[in-house]
Amino acid sequence: MNKNDNTIAVSILTADFLNLKSELDRIIVAKIPAVHFDIMDNNFVPNLSFGPKILSDVTNYLKDKNIVVDCHLMVQLKPKDKVKSFLKPFIMPGINSITLHYEALNKKQLLEFANWSNSEFKKGLALKPKTPIKVFFPYLTKLDYLLIMSVEPGFGNQKFIASSYQKIKTLKQYLITKNLSQTPIIAVDGGINNTTGPLCFAAGANYLVSGSYLLNNQTSVTEQLEKLWV
């Protein structure tokens, strides 16, 4: 849902994958504008999740539903991997953005990704909780999304790391001082609920990713969603 230029996306990491169509239908009914799709390799993070085939199925199902997919790759690239070649299986109609992790790229790969012009998707860079926010600064004019992980990446249903609020505030203030012609979106992922979500918006975030709070609850997705704005 969008409200006052802020956006809430839903992560399907904790969805019921035996009933994925029903889960997506719940998201459609709630009019959430974006589905957050986590891809994990059991290398960069200690978990293994879905790949391009399920991603294709999800984007195809959502293509006429006015919902886009943002793709978050928690995947370690090999030193000789070319970013453009690596991402080919994930670039498809319906993919709005692709986010890679700063920690999963070497310097050459990071520059290749940042300097990728005329890409078919918006580019995002994510940081683990212990990575300082300043590593974003050299790439602000080249990225569309700056994703602050507010939990250790790898698993859903984790507790929000409180120091993330200061990281959001620091990044927001830095963006204001730079007065960029096009400001990247500040996204936050991990432990987002009706307490942490409003505080993240107040700190300066534009885009929140919420998973278990929205999907793994007895109340409807719509009711849970409304509480994030309070």
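The values are calculated or read from the model by the stated rules, or taken from the named source; none is laboratory data. Since we're looking at a predicted model, the values are computed, not measured. Heads up, the Cβs are rebuilt from the backbone with ideal geometry, glycines too, and the neighbour counts pull from every protein chain shown. Surface accessibility is based on the protein's heavy atoms, side chains included, excluding ligands, DNA and RNA. Shrake-Rupley method; radii C 1.70, N 1.55, O 1.52, S 1.80 Å.
Looking at the stretch 11-37, which of its residues are β-branched (Val, Ile, Thr) and touching an Asp or Glu at 6+ places or on another chain (Cβ under 7 Å)?
Step one: filter the stretch 11-37 for residues β-branched (Val, Ile, Thr), giving 12, 14, 27-29, 32, 35.
Across the stretch 11-37, the qualifying residue is only Ile12.
For the stretch 66-91, what are the residues that are open to solvent by 20 Å² or more (accessible area, probe 1.4 Å) and farther than 20 Å from Glu112 by Cα?
Of everything in the stretch 66-91, those that are open to solvent by 20 Å² or more (accessible area, probe 1.4 Å) and farther than 20 Å from Glu112 by Cα turn out to be Asn66, Val68.
Of the residues that sit in the stretch 1-58 and are under 17 Å from Ser97 (Cβ atoms) and among the acidic types (Asp, Glu), which one is least open to solvent (accessible area, probe 1.4 Å)?
Asp38
Taking the stretch 92-104, which residues are open to solvent by 20 Å² or more (accessible area, probe 1.4 Å) and either hydroxyl-bearing (Ser, Thr, Tyr) or within 21 Å of Pro132 (Cα to Cα) (or both)?
Result: Tyr102, Glu103.
Does the stretch 74-91 contain at least one residue that is within 23 Å of Ala205 (Cβ to Cβ) and modelled with pLDDT of 95 or more?
yes
Name the one entry in Leu48, Leu77, Leu55 that is among the aliphatic types (A, V, I, L, M), closer than 22 Å to Phe155 by Cα and free of Cβ contacts under 8 Å to residues at least 24 places away in the same chain.
Leu48
Where residues in the stretch 118-134 are open to solvent by less than 80 Å² (accessible area, probe 1.4 Å) and in a loop (DSSP other than H, G, I, E, B), which of them is farthest from Ala203 (Cα to Cα)?
That would be Ser119.
Can you tell me which residue is nearest to Asn217 (Cα to Cα) among those in the stretch 13-29 that are touching a strand residue (DSSP E or B) at 6+ places or on another chain (Cβ under 8 Å) and modelled with pLDDT of 95 or more?
Here the answer is Ile27.
Does the stretch 80-94 include one or more residues that are touching a residue at least 24 places away in the same chain (Cβ under 8 Å), closer than 25 Å to Ser212 by Cα and not charged (D, E, K, R)?
Within the stretch 80-94, the first condition is being touching a residue at least 24 places away in the same chain (Cβ under 8 Å), and the residues that meet it are 81-84, 89-94.
Now restrict to residues that are closer than 25 Å to Ser212 by Cα: 90, 94.
From what's left, not charged (D, E, K, R): 90, 94.
Yes, that holds for at least one residue.
State all residues of the stretch 161-189 that are open to solvent by less than 50 Å² (accessible area, probe 1.4 Å) and either among the acidic types (Asp, Glu) or assigned to a helix (DSSP H, G or I) (or both); if no residue qualifies, say none.
Within the stretch 161-189, Ser164, Tyr165, Lys167, Ile168, Leu171, Leu175, Asp189 qualify.
Does the stretch 37-65 hold any residues that are on the phi < 0 side of the Ramachandran plot and assigned to a loop (DSSP other than H, G, I, E, B), and which are they?
Hits for the stretch 37-65 are Asn43, Phe44, Val45, Pro46, Asn47, Ser49, Phe50, Gly51, Lys63, Asp64, Lys65.
Among the listed residues Phe113, Phe137, identify the single one that is farther than 21 Å from Lys21 by Cα, open to solvent by less than 60 Å² (accessible area, probe 1.4 Å) and more than 18 Å from the chain's Cα centre (by Cα).
Phe137
Within the stretch 222-230, is even one residue open to solvent by 20 Å² or more (accessible area, probe 1.4 Å), out of contact with any helix residue (DSSP H, G or I) (no Cβ under 8 Å at 6 or more places or on another chain) and modelled with pLDDT of 95 or more?
no
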